[in-house]
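The values are calculated or read from the model by the stated rules, or taken from the named source; none is laboratory data. All of these numbers come straight from a predicted model, not from anything done at the bench. So basically every Cβ, Gly included, is an ideal-geometry build from the backbone, and we count neighbours across all protein chains shown.
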């Protein structure tokens with residue numbers, strides 16, 4: 001039971017860390033850690049080189065001292081002072097022993113320095129590759145986030161709804177245009193029809209009168225009830241019609 005709870009707790013922690021883990025931040029942190037290691041290795045290489053230089057200087061001094069005490073021992077022998085010569089040779093042996101130790105140390109230090117130099121070169125190459133990869137991954141992550149954001153916006157956008165609204169509004173506009181055109185045509189037709197009816201009736205009456213007045217011996221006159229035709233050849237008829245007209249006016 002306890003082991004199951006531990007497993008569940010670890011799974012929850014890993015899930016929480018996965019949610020809050022930012023790729024860009026993690027990449028930058030990893031690169032900074034590598035840079036920190038690189039600085040430490042450089043410092044170690046610098047210290048190794050300095051130690052190597054110190055050993056070389058010490059070795060050189062001890063070699064010089066070997067020569068110096070060798071010369072002094074010879075001078076003491078020439079003067080017949082064997083005790084002084086022995087002391088000089090003992091000092092020479094001390095420096096000679098130090099030379100051997102320093103040579104051993106120097107050889108070991110050179111190997112250490114060479115190893116650190118190789119490690120430094122490898123780490124610098126790794127840092128260069130890591131920087132390039134970091135930049136590429138950050139760019140990819142930014143592109144992925146931008147794409148995800150765009151897809152999220154597109155998923156929330158109802159294109160069908162917008163198209164439906166556009167279609168309905170287009171039909172509404174077409175309906176309004178048709179209505180306006182119909183009203184314009186209706187107004188124009190009523191006016192044209194009124195004039196056409198009037199003009200048509202007038203033309204018909206004029207044509208009828210012209211037909212009736214086709215004989216030059218006939219005269220068109222106007223009675224109260226409408227136009228009449230008079231025959232000028234029949235004077236009695238004219239007189240009678242005139243009298244009738246006079247009587248009607250008197251009435």
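Quick notes on this structure:
- Some residue of segment 62-79 being touching a residue at least 40 places away in the same chain (Cβ under 8 Å) and more than 30 Å from residue 131 (Cβ to Cβ): yes
- Exactly one residue out of 38, 89, 84, 34 is within 30 Å of residue 109 (Cα to Cα), free of Cβ contacts under 8 Å to residues at least 60 places away in the same chain and surrounded by 14 or more Cβ atoms within 10 Å (Cβ to Cβ), and it is 89.
- Among the candidates 168, 118, 86, the residue that is out of contact with any helix residue (DSSP H, G or I) (no Cβ under 7 Å at 6 or more places or on another chain) and under 24 Å from residue 34 (Cβ atoms) is uniquely 118.
- Pairs linking a residue in segment 137-151 that is under 17 Å from residue 25 (Cβ atoms) to a residue that is in a helix (DSSP H, G or I), with Cβ atoms under 7 Å and 6 or more positions apart or on different chains, are 137/23; 137/27; 138/24; 138/27; 141/23; 141/24.
- Restricting attention to segment 102-118, the residues being loosely packed, with under 14 Cβ neighbours inside 10 Å and touching a residue at least 60 places away in the same chain (Cβ under 8 Å) number 0.
Residue-by-condition table, conditions (1) at pLDDT 95 or above; (2) in contact with a helix residue (DSSP H, G or I) (Cβ under 8 Å, 6 or more places away or on another chain); (3) in the same structural domain as residue 127 (by TED's automatic domain parsing); (4) not in a helix (DSSP H, G or I):
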{"position": "4", "(1), (2), (3), (4)": "no, no, no, no"}
{"position": "9", "(1), (2), (3), (4)": "no, no, no, no"}
{"position": "26", "(1), (2), (3), (4)": "no, no, yes, no"}
{"position": "30", "(1), (2), (3), (4)": "no, yes, yes, no"}
{"position": "35", "(1), (2), (3), (4)": "no, yes, yes, no"}
{"position": "40", "(1), (2), (3), (4)": "no, no, yes, no"}
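- Subset of segment 47-67 (residues that are surrounded by 14 or more Cβ atoms within 10 Å (Cβ to Cβ) and farther than 16 Å from residue 100 by Cα): 48, 49, 51
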